[in-house]
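Below: one structure, written as structure tokens.
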Amino acid sequence: MTTIGWDGDAIVLIDQTRLPGEVVNLRITTVAGLIDAIKRLAVRGAPALGVAGALGVALAARTGESIEPLAAARPTAVNLAWGVREAALAADPLKRALEIREEDIRACREMGERGADLLAAYGATRVMTICNTGALATVERGTALGVIQTMHERGALAEAIALETRPLLQGARLTTWELQKMGAPFRLVVDSAGPFLLARGAADAVVVGADRIAANGDTANKIGSYMLALGAHRAGVPFVVVAPETTVDPRTPGGGDIEIEDRGSAEVTALPGVATYNPAFDVTPAELITAIVTERRVVRPSRGETLVS
Ligand code: MRU
């Protein structure tokens, strides 16, 4: 399965709003159409957004549309603006976009191996995760869920525990779909059960993805990640972030500098006119992160190790 690619004159991507019921591809030929797909989460997940941004520049080269609104379509995942910038700076944006796509496929394989090695070293066979960080969030294989897949392929996964991921249910709709296709053992739980289940010893580690890792190691990821980090700390189990180097943002000094997308009230309210906070992401401070696994290295922020020198 390929989440996002290029076909002649169009971006082709799986419409994730239709999953798990239907697997439908969208053909996107304009930057405006791509921005719409990004905003309604037809394509989502930081690495996939990086590829989408880069391919969007290739579309813009044909249609003459501006790429600035594309880079800003979702503010938290740094990969989107990064992908736009990389392709815009290249002599041939399409060639660079396709390279970024290939690099993502390679990076996910390497993160899977490195992350599974690390979890084996922790003696972890039961892992809790949130949101969707699998093939659907990347091009082909995934970051945190890629680690879980590698564990499963090695026969080292006793159980994955997937949080449903309110309010758009990326865990319940997308991660369970991917885990089922893998044939991996898993259970789905409501978000608010996460820390309690950790306290009860239900998982040996928490493994999550990232939307932006600040220079000091503070990490933005799907809302609910921070509560899992707190729960993991209290339960004495490792909290591991898995993300490509492109998610590390040296331009953002700390977590407080990360813009958090608020997705408005319609996703949350049952009663019209009710005011909400609906942050799509939260920030886990570096001191609660046992390890960050990238395609190149393992960094241990809770021991004071830094990503950016
Ligand atoms: O709002 P989403 O679905 O784009 O959020 C995605 C996440 O928070 C993922 O954990 C993150 O992008 C890493 S994906 C490998």
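The values are calculated or read from the model by the stated rules, or taken from the named source; none is laboratory data. Just so it is clear, the model here is predicted, and its values are computed rather than measured. Cβ coordinates were reconstructed from backbone atoms using ideal geometry, including for glycine residues, and neighbour counts include every protein chain displayed. Heavy atoms of the whole protein, side chains included, go into the accessibility calculation; ligands, DNA and RNA do not. Shrake-Rupley method; radii C 1.70, N 1.55, O 1.52, S 1.80 Å.
Observations, loosely collected:
- Scanning region 125-140 for residues that are more than 10 Å from the ligand (Cβ to nearest atom) and touching a helix residue (DSSP H, G or I) at 6+ places or on another chain (Cβ under 7 Å) yields Val127, Met128, Val139, Glu140.
- Beta carbons closer than 9 Å, at least 6 apart along the sequence or on distinct chains, pair a first residue in region 175-197 that is farther than 16 Å from Thr125 by Cβ and acidic (Asp, Glu) with a second that is assigned to a strand (DSSP E or B) and open to solvent by less than 40 Å² (accessible area, probe 1.4 Å) for Glu178/Gly134; Glu178/Gly142; Asp191/Leu163.
- Residue among Ala54, Ala77 that is under 18 Å from the mean Cα position of the chain (by Cα), more than 12 Å from the ligand (Cβ to nearest atom) and crowded, with 23+ Cβ neighbours inside 10 Å: Ala54
- Filtered residues of region 6-27 (kept if open to solvent by 10 Å² or more (accessible area, probe 1.4 Å), touching a Leu at 6+ places or on another chain (Cβ under 8 Å) and outside any loop (DSSP other than H, G, I, E, B)): Trp6, Val12, Asn25, Leu26
- Some residue of region 120-140 being outside any loop (DSSP other than H, G, I, E, B), of a type in the set (A, V, I, L, M), touching a Leu at 6+ places or on another chain (Cβ under 8 Å) and over 18 Å from Pro47 (Cα atoms): yes
- Only listed residue being of a type in the set (S, T, N, Q) and either under 17 Å from Arg114 (Cβ atoms) or in contact with a Lys or Arg (Cβ under 6 Å, 6 or more places away or on another chain) (or both), chosen from Thr246, Thr252: Thr246
- Scanning region 58-74 for residues that are part of a helix (DSSP H, G or I), touching a residue at least 40 places away in the same chain (Cβ under 8 Å) and open to solvent by 10 Å² or more (accessible area, probe 1.4 Å) yields a single hit, Arg62.
- Residue match in region 292-301 (condition: within 16 Å of the ligand (Cβ to nearest atom) and either open to solvent by 20 Å² or more (accessible area, probe 1.4 Å) or more than 16 Å from Leu119 (Cβ to Cβ) (or both)): yes
- Scanning region 203-221 for residues that are among the polar types (S, T, N, Q) and within 15 Å of the ligand (Cβ to nearest atom) gives Thr219, Asn221.
- Residue in region 250-273 that is touching a Leu at 6+ places or on another chain (Cβ under 9 Å) and more than 16 Å from the ligand (Cβ to nearest atom) present: yes
- Hey, Ala172 within 16 Å of the ligand (Cβ to nearest atom) and either crowded, with 16+ Cβ neighbours inside 10 Å or in contact (Cβ under 8 Å) with a residue 24 or more places away in the chain (or both) or not: yes
- Qualifying residue in region 259-281 (condition: buried (at least 23 other Cβ atoms within 10 Å of the Cβ), at pLDDT 95 or above, under 25 Å from Ala156 (Cβ atoms) and not small (Gly, Ala, Ser)): no
- Being open to solvent by 10 Å² or more (accessible area, probe 1.4 Å) and either of a type outside the set (D, E, K, R) or away from the ligand (no atom under 15 Å from the Cβ) (or both) is a description that applies to Ala120.
- Count - residues of region 195-241 that are within 12 Å of the chain's Cα centre (by Cα), open to solvent by less than 20 Å² (accessible area, probe 1.4 Å) and more than 18 Å from Thr306 (Cβ to Cβ): 7
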